[in-house]
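The structure under discussion appears below in the form of structure tokens.
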């Protein structure tokens, strides 16, 4: 990842940040609808649905903005990686439970996506993008610290 072009890094950063932020936006536009989507998973008691919907949506807003900001990019990319890995596991378990959902809830109710066999694969693609972004940002931070170290030696 050391030689990843800046344009590719920027494209990954923008894509990942916009997908996560957009996901939060879609959910927030109709939180009661997102709560109903969560209910279809039959995994949480009713009293937990609203707090869960608010927590997921708020977390995605903050994480999406964080990735887009570029501040501590390697860390934000790793957090995004784990979020998407968690979603992939969640969807895989839901499919294994035999759930047939007309809306997985990924983007709330305004852009409904059914839960299909390939839904977890979409999140795994995002996991790979986040991994590449994290590796690039880590390598870039190492390059910057070593170049500042060498310039301070003179």
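The values are calculated or read from the model by the stated rules, or taken from the named source; none is laboratory data. Since the structure is predicted, the reported quantities are computational estimates derived from the model, not experimental observations. A quick note on method: Cβ atoms are made from the backbone with ideal geometry, for glycine too, and the neighbour counts reach across all protein chains shown.
For the subset of segment 103-120 comprising residues that are without any contact (Cβ under 8 Å) to a residue 40 or more places away in the chain and assigned to a loop (DSSP other than H, G, I, E, B), which member is nearest to residue 85 (Cα to Cα)? Let's see the steps before the verdict.
Restricting attention to segment 103-120, the residues satisfying the condition of being without any contact (Cβ under 8 Å) to a residue 40 or more places away in the chain are 112-120.
Imposing the further condition that a residue be assigned to a loop (DSSP other than H, G, I, E, B) reduces the set to 112-118.
On the way: 112: 20, 113: 18, 114: 19, 115: 16, 116: 17, 117: 16, 118: 14 Å.
The qualifying residue nearest to residue 85 (Cα to Cα) is 118.
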Response to the item:
Conditions (1) closer than 14 Å to residue 19 by Cα; (2) surrounded by fewer than 19 Cβ atoms within 10 Å (Cβ to Cβ); (3) modelled with pLDDT of 95 or more -> residue 99 fails only (1)
Worksheet entry | Residues of segment 40-58 that turn out to be in a helix (DSSP H, G or I) and either touching a residue at least 24 places away in the same chain (Cβ under 8 Å) or loosely packed, with under 14 Cβ neighbours inside 10 Å (or both), as a count | 10
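Quick one: would you say residue 37 is out of contact with any helix residue (DSSP H, G or I) (no Cβ under 8 Å at 6 or more places or on another chain), crowded, with 18+ Cβ neighbours inside 10 Å, touching a residue at least 12 places away in the same chain (Cβ under 8 Å) and in a helix (DSSP H, G or I)?
Working: out of contact with any helix residue (DSSP H, G or I) (no Cβ under 8 Å at 6 or more places or on another chain): yes; crowded, with 18+ Cβ neighbours inside 10 Å: yes; touching a residue at least 12 places away in the same chain (Cβ under 8 Å): yes; in a helix (DSSP H, G or I): yes.
Here the answer is yes, as residue 37 does meet what is asked.
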Discussion item. Taking the criterion of being surrounded by fewer than 12 Cβ atoms within 10 Å (Cβ to Cβ) and either at pLDDT 95 or above or more than 17 Å from residue 10 (Cα to Cα) (or both), would at least one residue in segment 115-124 satisfy it?
Written reply: yes
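Looking at 19, 93, 62 in this structure, which one is touching a helix residue (DSSP H, G or I) at 6+ places or on another chain (Cβ under 9 Å), in a helix (DSSP H, G or I) and within 21 Å of residue 122 (Cβ to Cβ)?
Numbers: 93 fails: touching a helix residue (DSSP H, G or I) at 6+ places or on another chain (Cβ under 9 Å); 62 fails: within 21 Å of residue 122 (Cβ to Cβ).
Criteria check complete, one pass: 19.
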Response to the item:
Subset of segment 69-87, residues within 15 Å of residue 21 (Cα to Cα) and surrounded by fewer than 17 Cβ atoms within 10 Å (Cβ to Cβ), comes to 69, 70
